[in-house]
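Colleague: This is the structure I want to talk about, given as structure tokens.
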Amino acid sequence: MRALLWVVGVVGGALILLGLLLEAVRWLVIIGIIALVAVVVWAFLRGRQAMRRR
């Protein structure tokens, strides 16, 4: 599960950097930000579930 979080986070970061470099393609930045926000929220929820089990 952590590997999937890493992959999505890295892909989101790469899309943001690629979008900033190209500058003309704003959608890459938007999609990257959405992906990073989704990863942060998902990791937060997974962490809360893990804390409840203990």
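The values are calculated or read from the model by the stated rules, or taken from the named source; none is laboratory data. Please read these numbers as outputs of a predicted model, since none were measured by experiment. Every residue, glycine among them, receives a Cβ derived from its backbone with ideal geometry; neighbour counts consider all protein chains shown.
Colleague: Check L28 against each of (1) touching a Leu at 6+ places or on another chain (Cβ under 8 Å); (2) at pLDDT 90 or above and name the one condition it does not meet.
Modeller: Here L28 meets the rest and fails (2).
Colleague: Consider L45 carefully, then state whether it is exposed (fewer than 11 other Cβ atoms within 10 Å of the Cβ) and modelled with pLDDT of 90 or more.
Modeller: Here the answer is yes, as L45 does meet what is asked.
Colleague: Are there any pairs with C-beta distances below 6 angstrom linking a residue in region 27-54 that is of a type in the set (V, I, T) to a residue that is surrounded by 13 or more Cβ atoms within 10 Å (Cβ to Cβ), with the two at least 6 apart or on different chains, and if so which?
Modeller: Listed by first residue and then by second, the contacts come to V29/I16; V29/G19; I31/L15; V39/L5; V39/V8; V39/G9.
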